[in-house]
1. Is segment A:136-147 home to any residue that is aromatic (Phe, Trp, Tyr), in contact with a strand residue (DSSP E or B) (Cβ under 6 Å, 6 or more places away or on another chain) and at pLDDT 85 or above?
2. How many residues does segment B:157-191 hold that are more than 12 Å from the chain's Cα centre (by Cα), in a loop (DSSP other than H, G, I, E, B), more than 16 Å from ligand 1 (Cβ to nearest atom) and surrounded by 15 or more Cβ atoms within 10 Å (Cβ to Cβ)?
3. Looking at B:LEU17, B:LEU7 in this structure, which one is within 9 Å of ligand 1 (Cβ to nearest atom), away from chain A (no Cβ under 12 Å) and either among the acidic types (Asp, Glu) or part of a strand (DSSP E or B) (or both)?
4. So which residues in segment B:56-73 are among the small types (Gly, Ala, Ser) and away from ligand 1 (no atom under 16 Å from the Cβ), if there are any at all?
5. Select, from A:SER307, A:SER362, A:SER315, A:SER354, the only residue that is under 19 Å from A:ASN295 (Cβ atoms) and open to solvent by less than 10 Å² (accessible area, probe 1.4 Å).
6. Having 1 or more residues that are modelled with pLDDT of 95 or more is the bar; report the strands (runs of 3 or more DSSP E) wholly within segment A:188-260 that clear it.
7. Inside segment B:116-139, can you point out the residues that are touching a residue at least 12 places away in the same chain (Cβ under 8 Å), open to solvent by 70 Å² or more (accessible area, probe 1.4 Å) and either under 12 Å from B:LEU99 (Cα atoms) or part of a helix (DSSP H, G or I) (or both)?
Amino acid sequence: MSQAELDKLIRSNYEAGFTTTVDAETLPPGLSEDVIRFLSAKKGEPEWMLEWRLDSYHKWLEMSSPDWAHLHHPPIDVNEVSFYSKPKSLDDAPKSLDEVDPELLATYEKLGIPLHEQEMLAGVAVDVVFDSTSVFTTFKEKLWEAGVIFCSISEAIQNHPELIKKYMGSVVPKGDNFYAALNSAVFSDGSFVYIPKGVRCPMELSTYFRINEANTGQFERTLIIADEGSYVSYLEGCTAPQRDENQLHAAVVELVALPGAEIKYSTVQNWYPGDENGKGGIYNFVTKRGVAHDNSKISWTQVETGSAITWKYPSVILRGDNSIGEFYSVALTRHMQQADTGTKMIHLGKNTKSTIISKGISAGRSSNTYRGLVRISPRAENARNFTQCDSLLLGDTCGAHTFPYIESKNPSATIEHEATTSKVSDDQMFLCRQRGIDPEKAVSMIVNGFCKEVFKELPMEFAVEAGKLLEVSLEGAVG
Amino acid sequence: MLEIRDLHATVADKPILKGLNLTVNPGEVHAIMGPNGSGKSTLANVLAGRDNYAITGGEALFEGSSLADLEPEERAQAGLFLAFQYPVEIPGVSNMEFLKAALESVRGAQGKEEWDSVTLLRQARAACKQVNLDASFLKRGVNEGFSGGEKKRNEIMQMLLMEPKLALLDETDSGLDIDALQTVAKGVNSLRSPERGIVLVTHYQRLLDYIVPDFVHVLSNGQIIKSGGKELAHELEEKGYGWLTGEEESA
Ligand SMILES: Nc1ncnc2c1ncn2[C@@H]1O[C@H](COP(=O)(O)OP(=O)(O)OP(=O)(O)O)[C@@H](O)[C@H]1O
Ligand SMILES: [Mg+2]
């Protein structure tokens, strides 16, 4: 874009003069039926969607926040949370990148996601969620040719109501848990993916989430449906700027793998973790779950380095025979971060198989908990699970905890569980330093090595990013 | 290049080295022998700067500067290399990745030209070949699941690439089969040069048949109690240490 064009754009979009901050329309804090009606109306939603939200709201009113996790935080008061924030310049959705607010683009560039570049580099379609509204979806057309639907949830509600009605809430019901119910009532936006029968999605799909406005909770909702025999790899990246207040984030992700389909869902999450004294940071309460039908496969890979509090258990319901569920996780906590994360593998079908590899790294005064459930139902003949939980401690003021729950109701099941806790040893550090490698680099190398089994599950660019992220997160973690 | 004068050192506050003197000039190969527990590895670790190994008296100068003032990585960057008696495993960190980080740091500090990845790979493969390690070892985790002998050869492979000014080899020969011993000796000999000093810690005369030392020292109870030429090693092989330490027979 030339300077002249840019100037023109600025003038036409901001008649009152260009300011360096994005002008946003933000709802005052608090939650009520009226707020939900406002939200729904603002999005021009059909009546059935509003009913769905209100029903969720009423379920939520009956619920209280879970207290079983190994987490400590003051009670979360939703009356202090604003449930809607939308950058104003997006009132009319952009038709091309050139129409996108340059401020937004600049923000993404700071985050290292230059859309222009990504567009040219090709291969990755990006659906960007800036606070509550999808900014722009690239590559829509190419995907359209393949029959793939990749759009915001709001668009899907308008354009694909039959799919939304059928699948939304089918994996994570409205009243599943406190945070899921809250999300169902007030979800702002998120991504929707549908891969038709037999189609291998021609590119990796990617969404970057970002919380910008102070005090806005973000409640995105993602729904991915892989029809029979299809394949999709989905990348989710999250990042949030530094703020002193704690911000609430309660997302719901639902995956549906129909017979023979495969969904690979990768997350790199580095929401602001708060400072070394525990001030600020994101409260991340997420419900992620997939249903795997016959001969299908769902694979969750996550690298979590951010958030003040993480409460997250990406799970797979292995409903169909011969279905496969995988969970690969790296969770790094430092400062005062608290993570209670893991997975649930629910074996319902015959010959179902699940693999869990969890790597927890704790530094500072943080607390890192793995919580996993493997359940084998009575009719799940020949189910197999392999679980490996490794914890690595950096320093002696942090904590690592492992809570593996196993419920087997079928004697033909094979369940293996391995757990280790280790420290970066003095011998390893000395070997590195004797070879000229400085201690920070040595720690990050050793930690990266510790995570290798998980990183190799990530798509290439993501693996590199994850490695860098660990390196940055570990800066100053060694005394 | 290495000047050790009246060196006293403790390991975890326990005095181990008690007034040790040793001078290594460029081009020389020194062998250090001595009974178990006499302080040989301690000396190597003190020189390399391991945590918990503290110099409590005397001094150790490397190229004129006091080693005590340098961090372990700075000593490595200055050209000091230690081949470990018991090389540790670093799971998940590939040998190649490790070498890349090490060489970037050391070559950078020494003002040598940076190797691009193609050069690095070529050099690393050549070094593997020299010590008879299959190139597939470059992809494996550092020492991860290596046999004892493979670990030792891996140390020498690293040494060949790092081209140190002063190489300390702590019992690199123990655990090696006869063929590997010759391979390793060949590798070490290939590094012998007028600019380089080599210190070999060993229990066996056999290694010294292949790497002929200029000097042999006997370390006992934290001090060098006898020095001589290569014949001294033969004498020790015959008589043990008892005649030097005053004990009847060494174990
Ligand atoms: N961490 C430690 N704490 C206490 N004593 C130690 C420690 N490390 C080494 N030592 C002691 O220091 C002494 C010297 O050990 P060192 O390893 O230097 O001997 P060495 O000459 O290399 O023996 P070897 O021939 O068996 O390798 C030994 O008595 C050993 O037990
Ligand atoms: Mg020793």
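1. Among the residues of segment A:136-147, not one is aromatic (Phe, Trp, Tyr), in contact with a strand residue (DSSP E or B) (Cβ under 6 Å, 6 or more places away or on another chain) and at pLDDT 85 or above, which makes the answer no.
2. Within segment B:157-191, residues that are more than 12 Å from the chain's Cα centre (by Cα), in a loop (DSSP other than H, G, I, E, B), more than 16 Å from ligand 1 (Cβ to nearest atom) and surrounded by 15 or more Cβ atoms within 10 Å (Cβ to Cβ) number 1.
3. Within the list B:LEU17, B:LEU7, the selection yields B:LEU17.
4. B:GLY57, B:GLY58, B:GLY64, B:SER65, B:SER66, B:ALA68
5. That would be A:SER354, the only listed residue that is under 19 Å from A:ASN295 (Cβ atoms) and open to solvent by less than 10 Å² (accessible area, probe 1.4 Å).
6. Filter on segment A:188-260 gives A:191-195, A:221-226, A:231-239, A:252-257.
7. From segment B:116-139, those touching a residue at least 12 places away in the same chain (Cβ under 8 Å) are B:117, B:120-121, B:123-125, B:127-128, B:130-133, B:137-139; that's our starting set.
Imposing the further condition that a residue be open to solvent by 70 Å² or more (accessible area, probe 1.4 Å) reduces the set to B:117, B:125, B:130, B:132, B:139.
Listed by number, the residues that qualify are B:SER117, B:ARG125, B:GLN130, B:LYS139.
Matching residues to (1) of a type in the set (A, V, I, L, M); (2) near ligand 1 (Cβ under 10 Å from one of its atoms); (3) surrounded by fewer than 22 Cβ atoms within 10 Å (Cβ to Cβ):
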residue: B:ASN25; (1), (2), (3): no, no, yes
residue: B:VAL29; (1), (2), (3): yes, no, no
residue: B:MET33; (1), (2), (3): yes, yes, no
residue: B:VAL46; (1), (2), (3): yes, yes, no
residue: B:ALA54; (1), (2), (3): yes, no, yes
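The values are calculated or read from the model by the stated rules, or taken from the named source; none is laboratory data. Remember, it's a predicted structure, so these values are computed and weren't measured experimentally. Cβ coordinates were reconstructed from backbone atoms using ideal geometry, including for glycine residues, and neighbour counts include every protein chain displayed. Quick note on the areas: whole protein, heavy atoms, side chains included, nothing else; ligands and nucleic acids left out. Shrake-Rupley method; radii C 1.70, N 1.55, O 1.52, S 1.80 Å.
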